[in-house]
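Chemist: One structure follows; several queries about it will come next.
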Amino acid sequence: MIKENIGVVQENIKRACEKAGRDVKDVTLIAVSKTKPVSDIRQAMEAGLTVFGENKVQEIREKTEEIKENVDFHMIGHLQANKVKYLPGKVVMIHSVDNVKLAQEIEKQFAKADMNIDVLIEVNMAGEDTKFGLAPSEVPSFVKEISTLPHLNIRGLMTIAPYTDDPESNRIYFAGLRRLKDDINKMNIPGVNMDTLSMGMTGDYEVAIEEGATFVRVGTGIFGERNYSIV
Ligand SMILES: *Cc1c(COP(=O)(O)O)cnc(C)c1O
């Protein structure tokens, strides 16, 4: 089932790239394995996937304890500063940086580990109360402020679009995130040249690819529905 699902998602990604005139190599599929067992991750690995997304530090710690193969974990969920200390060596990217205190703690913990870490700034494009992330207007000054932290590589922007049955309705948010990235690059902030857009989930990843996504984060479309009651 997981293998077949991955085939379908990869085919959809390919088609969206063709439609947008993009190279499929420029889009990375992140398999969002939160709440799912290691055995599911292994099935996805057998199908050729090497990049996984998780949203809880504890789950990342447990899963990286079991999985010693050469796969990448990305922290895609809301991150509390007091948990950052567990992440050096466990994740290759943090998608959810949205406040200075968190950025400073990431700097502190990765400096201590003598590692650099790729980060994305989380942007709340639709202004939803229920979502984390900065308002688009806050992002340029925020990027400028944290750009001086030497152990953070600011690679780009991430957004979680509204949940919807109509993926087209999220196109404006994906296009807006891409424009925000381009605008910030034009500011020529020393050390900042963003090349990454993490946007698009099971319901809307094709539209996100058409608008420039370089990472799509797909959970349900690969692993099936999540059952939060069993975790
Ligand atoms: C859970 C989650 C996803 C995956 O959502 P699906 O709709 O299951 O594809 C993507 N991004 C983030 C940040 C998530 O927390």
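Read the figures in this text as sums done on the coordinates, not as results from a lab. Please read all numbers here as calculations on a predicted model, not as lab measurements. Cβ atoms come from the backbone with ideal geometry, glycine included; neighbour counts cover every protein chain shown.
Chemist: Just how large is the dipole of the chain about the Cα centre, in debye to the nearest 20, putting +1 at every Lys and Arg Cβ and -1 at every Asp and Glu Cβ?
Modeler: Computed charge dipole of the chain: roughly 520 debye.
Chemist: How far apart, in nanometres, would the label points at residue 20 and residue 153 be if each is projected 7 angstrom from Cα along the Cα-to-Cβ direction?
Modeler: Reported label-point gap for residue 20 and residue 153 is 2.2 nm.
Chemist: Once the dipole of the chain is set up with Lys and Arg at +1 and Asp and Glu at -1 on Cβ about the Cα centre, which of 143, 113, 100 lies farthest towards its positive end?
Modeler: 113
Chemist: Next question. Tell me the relative contact order for the chain as a rounded percent, counting alpha carbon contacts under 8 Å between residues six or more apart.
Modeler: 22
Chemist: Taking 45 Å as R0, compute the FRET efficiency from the Cβ-Cβ separation of residue 202 and residue 114 and round it to 0.05.
Modeler: The computed FRET efficiency comes out at 0.75.
Chemist: Then there is this: On a full-extension model of 0.36 nm per residue, what is the gain between residue 193 and residue 99, subtracting their alpha-carbon distance, rounded to one decimal in nm?
Modeler: So the extension gain works out to 31.9 nm.
Chemist: Quick one: 3J(HN,Hα) in Hz for the range 132-138, Karplus 6.51/-1.76/1.60 with θ = phi - 60°, rounded, Gly and Pro as x.
Modeler: 7, x, 7, 5, x, 5, 7
Chemist: May I pose another question? Under a point spin-label approximation (7 Å from Cα along Cα-to-Cβ), what is the residue 47-residue 8 distance to one decimal in nm?
Modeler: Result for the modelled spin labels: 0.9 nm.
Chemist: The range 1-127: D in µm²/s via Stokes-Einstein (Kirkwood Rh, Cα pairs, 4 °C, 1.567 mPa s)?
Modeler: My calculation gives 81 µm²/s for D.
Chemist: How many angstrom separate the Cα center of the range 185-203 from the Cα center of the range 119-155?
Modeler: Going from one Cα centre to the other spans 10 Å.
Chemist: Cross-link candidates for residue 25: which lysines have Cα within less than 16 Å, leaving aside residues fewer than 8 places away along the same chain?
Modeler: Candidates past the 8-residue exclusion: 14.
Chemist: Among the lysines, which have Cα under 26 Å from the Cα of residue 144 when same-chain residues fewer than 8 positions away are ignored?
Modeler: The reachable lysines, counting only those whose Cα sits under 26 Å from residue 144, are 83, 85, 101, 108, 112, 131, 181, 186.
Chemist: How much FRET efficiency would the formula 1/(1 + (r/R0)^6) give for residue 141 and residue 85, where r is the Cβ-Cβ distance and R0 is 22 Å, rounded to 0.05?
Modeler: 0.20
Chemist: Compute the projected area of the convex hull of the Cα atoms of the chain, averaged over all viewing directions, and report it in nm² to one decimal place.
Modeler: Reported value for the Cα convex hull: 12.3 nm².
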